[in-house]
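What follows is one structure encoded as structure tokens, with my remarks underneath.
The values are calculated or read from the model by the stated rules, or taken from the named source; none is laboratory data. None of the values given here were measured: they were computed from a predicted structure. Cβ placement follows ideal geometry from the backbone for every residue including glycine, while neighbour counts extend to all protein chains displayed. In case anyone asks, the SASA skips ligands and DNA or RNA and just uses the protein heavy atoms, side chains included. Shrake-Rupley method; radii C 1.70, N 1.55, O 1.52, S 1.80 Å.
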Amino acid sequence: MRSLALRNSSSALYNNLAVLCPPARPPAFGAVHGTILSLLGSEGPPRQLQARGGGSALSTPLLTQAAWCELPARVLLVLTSQRGVQMYESDGSTMVFWHALDVPEHPAAHSVFARGISAAGGRFICVGTSFGAVLVFDIPPKGTNVTLNEVLEQHRDPITDIAAEQGQDGAGDLVTADDSGTLCLWSTGEEFTLLGQIPGSGCTCSSVTLWNGIVAAGYGNGQIRLWEAGSGRICAQVSAHARWIYALDLAPLTGKLLSGAEDSFVHVWKLSRNPDTDDIEIQHCHAECVTDTQVCGARFCDPAGDTFAVTGYDLSEILCYGPA
């Protein structure tokens, strides 16, 4: 294990670790602390990005998440906050686009924020909101002419996470999750089509991934559930953690699944399909304990899932784990 120092500790936010794995270069990392995103680049000194859209010096909005979105034509770094969506070139050097959320004049009891970020369908970036809407942005191959393509209004609760799978034509290639545990499956394209909805069971789904037509979702009760993306049928349920799951990640080359939770544990699992029955199977591969730390971010650092990195609430470092 090696440790990378952060200038600030990580906030207790779902999926609070961004990792970019450029080919043949060391990975870049990002973690949110309050109003700041700390970036540790593969090149150059550490950089800090601030949430924008405050309107006054006293009210810099809190960031809720950051993620690199890898599209075939370009990679953008996307930040979500209590005010809107910020998109940067991948190194954080220049802002490409800013989208302000509609903040009601007389705010209701619930707060306003964006959260849940994913590239989708080859040229789109999807971002969730606290209203339950999913904003679909059309990203040009270069330049700043980003447009809001459509708004998906299916969820009734704040979006928690969004995941997509590139190249799964016709099948559900996008899944959105919300605070009530409801999942929606979509097919991407010029217009996004709702394929199905998996109702929540009263427990928040904090993180979701999609691989090979399998939806893996992590919940506040510590469970991981696996669903068939095509039919919405549940295939497996694992009591993975003793406390709230904060992060899931998936290694696309191997089907390895990473889970991190408040119980200080990080687990590596392996998803597969039985060649004879096509049934979805999950097995446990590895566990790490980050002592006395509420894990809030966990991501693989390579497409095969041989290495992974972890952040924890109030921890001023990123912990990187490699092959034993």
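Quick notes on this one:
- Complete set of residues in segment 139-157 that are over 12 Å from Trp186 (Cβ atoms) and either in contact with a Leu (Cβ under 8 Å, 6 or more places away or on another chain) or buried (at least 20 other Cβ atoms within 10 Å of the Cβ) (or both): Ile139, Leu148, Val151
- Tabulated pairs, segment 296-324, first more than 22 Å from Thr160 (Cβ to Cβ), second polar (S, T, N, Q) and surrounded by fewer than 16 Cβ atoms within 10 Å (Cβ to Cβ), C-beta under 6 angstrom, 6+ apart or interchain: Glu317/Ser3; Leu319/Ser3
- Single unsatisfied condition, Asn221 versus (1) touching a residue at least 24 places away in the same chain (Cβ under 8 Å); (2) in contact with a Cys (Cβ under 7 Å, 6 or more places away or on another chain); (3) open to solvent by 40 Å² or more (accessible area, probe 1.4 Å); (4) under 29 Å from Phe131 (Cβ atoms): (1)
- Within this structure, Ala5 fails the test of being touching a Lys or Arg at 6+ places or on another chain (Cβ under 8 Å), open to solvent by 60 Å² or more (accessible area, probe 1.4 Å), in contact (Cβ under 8 Å) with a residue 40 or more places away in the chain and of a type outside the set (Val, Ile, Thr).
- Within segment 298-318, the set of residues being open to solvent by 40 Å² or more (accessible area, probe 1.4 Å) and either aromatic (Phe, Trp, Tyr) or in contact with a Leu (Cβ under 8 Å, 6 or more places away or on another chain) (or both) comprises Arg299, Pro303, Tyr313, Ser316, Glu317.
- Count of residues meeting criterion [open to solvent by less than 20 Å² (accessible area, probe 1.4 Å) and within 20 Å of the chain's Cα centre (by Cα)] in segment 288-297: 3
- Phe29 open to solvent by less than 40 Å² (accessible area, probe 1.4 Å), in contact with a Lys or Arg (Cβ under 9 Å, 6 or more places away or on another chain) and in a strand (DSSP E or B): yes
Rundown of residues vs (1) assigned to a strand (DSSP E or B); (2) touching a residue at least 60 places away in the same chain (Cβ under 8 Å); (3) surrounded by fewer than 22 Cβ atoms within 10 Å (Cβ to Cβ), yes/no style:
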position: Tyr14; (1), (2), (3): no, yes, no
position: Pro22; (1), (2), (3): no, no, yes
position: Arg25; (1), (2), (3): no, no, yes
position: Gln48; (1), (2), (3): yes, no, yes
position: Thr64; (1), (2), (3): yes, no, no
position: Leu79; (1), (2), (3): yes, no, no
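- Tally, over segment 170-193, of residues that are surrounded by 15 or more Cβ atoms within 10 Å (Cβ to Cβ) and farther than 18 Å from Ile234 by Cα: 4
- Residue selected from segment 231-271 under the condition hydroxyl-bearing (Ser, Thr, Tyr) and surrounded by fewer than 20 Cβ atoms within 10 Å (Cβ to Cβ), by the criterion farthest from Leu17 (Cα to Cα): Ser231
- Strands (runs of 3 or more DSSP E) completely within segment 185-277 that count 3 or more residues being small (Gly, Ala, Ser): 214-219, 256-261
- Here Asp278 passes the criteria (1) free of Cβ contacts under 8 Å to residues at least 12 places away in the same chain; (2) acidic (Asp, Glu); (3) in contact with a strand residue (DSSP E or B) (Cβ under 7 Å, 6 or more places away or on another chain) except the one numbered (3).
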